[in-house]
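No lab work stands behind these numbers, since they all come straight from the coordinates. Only a predicted model underlies this, so the values are computations on that prediction, with no experimental measurement involved. A quick note on method: Cβ atoms are made from the backbone with ideal geometry, for glycine too, and the neighbour counts reach across all protein chains shown.
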Amino acid sequence: MISDYNLYPLHVFRMVARQGSVTRAAAELFISQPAVSAHLKAFETHIGAPLFERTPRQMVLTEIGRHVLDQVNRIFLLYDELPEQVDLLRNKVTGEVVIAASSTPGTYLLPTALHRFQQRYPEVVPLPRIGSSTRVIEWILEYEAPFGIVGEIRLPEIIEGVPLGRDQLRLTVRGDDPMAETDRIDPERLADRTLFLREPGSSTRSVVEGMFGDQFRRFARIVEIPGTEAIKQAVAAGLGVAFLSSWACRLEEKVGVLAPLRDRRWRKSRHFYLVKRRDRDLTGAAAALKSALSSRRGWS
């Protein structure tokens, strides 16, 4: 039976769930595979039900396992937040706080916002974690981040979102491209062009496919690149065109390296949202940071 004072088997269970493998979990925990299996077996015995389906490729959580993982994550969350709770009793806002953000707001807007926040709360250390919008939601669901900023994607029922701001996705070309000076671009003019596209899971990809997917066949080829900066460099080199955020291209447009098409049919406004789990109340540094970011609504 698991000791009431030993949370380590729960930690092992959580690591196996995260890694999907006893072998990878053992490597992360710096213990042997038999030790991981033993802790897992003891925890399953304590729960009274199998928590994983063992397949040749990975460990897959059962329905009960998914519910148990959610509760285990809550246990560790409460433990992690204890120092913050003590600081609140002392009327102090201190500690580290993870803020997850999709790549566009995380790269081009969040750093400045976090700098301003830290000037107000010097004893708080914001820890930005940048990924696709889909990945941000996963981090929030797994209690790895208290909240985050994402673009327009479908949110799970347990996630609530508050509008924060919006950018504009625009078909963008090299600054000296003749198309940049044309008021109307017919799809046929794209027949010899390469379209650079973000990876699946990004809000940019989701919005572009929803709005312009039927036009993709007009392009000579489509090349997927995971990252806005790499796409910007490819377009600036004249290798193709891409739908890029107005936030991401401000500097390049100012100096004439990149230019969005004037034709507004190749533009689409996109909203960003501040998101969190509905069943998670934020306190301390996390609550302060969320409030500071919410007060900056209208980012554009």
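Here are the numbers:
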{"quantity": "Evaluated over the range 117-245, the Cα radius of gyration and Dmax, each in Å", "calculated": "17.8, 57"}
{"quantity": "Semi-axes of the equivalent ellipsoid for the chain, Cα gyration tensor, largest first, Å", "calculated": "43, 25, 15"}
{"quantity": "Debye, to nearest 20: dipole size of the range 8-62, +1 on Lys, Arg Cβ, -1 on Asp, Glu Cβ", "calculated": "100 debye"}
{"quantity": "Percent RCO, i.e. relative contact order, over the range 166-270, from Cα pairs under 8 Å lying at least 6 residues apart", "calculated": "52 percent"}
{"quantity": "Debye log10 I(q)/I(0) at q = 0.23 Å⁻¹ for the range 1-68, Cα point scatterers", "calculated": "-0.99"}
{"quantity": "Cα centroid of the range 11-49 to Cα centroid of the range 125-180, whole Å", "calculated": "33 Å"}
{"quantity": "For the chain, calculated [θ]222 nm from helices alone, where every DSSP H run of n ≥ 4 adds -39500 (n - 2.57)", "calculated": "-12000 deg cm²/dmol"}
{"quantity": "Linear extension gain, Glu188 paired with Arg129, 0.36 nm per residue minus alpha-carbon span", "calculated": "17.2 nm"}
{"quantity": "Added length on full extension, which subtracts the Cα-Cα distance from 0.36 nm per residue, Val86 to Asp176", "calculated": "26.5 nm"}
{"quantity": "Ordering of 96-105, 115-124, 258-267, 33-42 by burial proxy (mean other Cβ atoms within 10 Å per residue, highest first)", "calculated": "96-105, 258-267, 33-42, 115-124"}
{"quantity": "Kirkwood-Stokes translational diffusion coefficient of the range 231-300, alpha-carbon pairs, 4 °C, 1.567 mPa s, µm²/s", "calculated": "85 µm²/s"}
{"quantity": "Largest-first principal axis extents, alpha carbons of the range 40-135, Å", "calculated": "50, 37, 15"}
{"quantity": "Selected from Gly284, Gly65, Gly48 as most flexible by GNM, with the chain as the system and alpha-carbon contacts under 10 Å", "calculated": "Gly48"}
{"quantity": "Difference of contour (0.36 nm per residue) and Cα-Cα distance, Ser295 to Val162", "calculated": "46.7 nm"}
{"quantity": "For the range 165-300, convex hull volume per residue from C-alpha positions, Å³", "calculated": "127 Å³"}
{"quantity": "Cβ crowding within 10 Å averaged over residues, with 67-74, 167-174 ranked highest first", "calculated": "167-174, 67-74"}
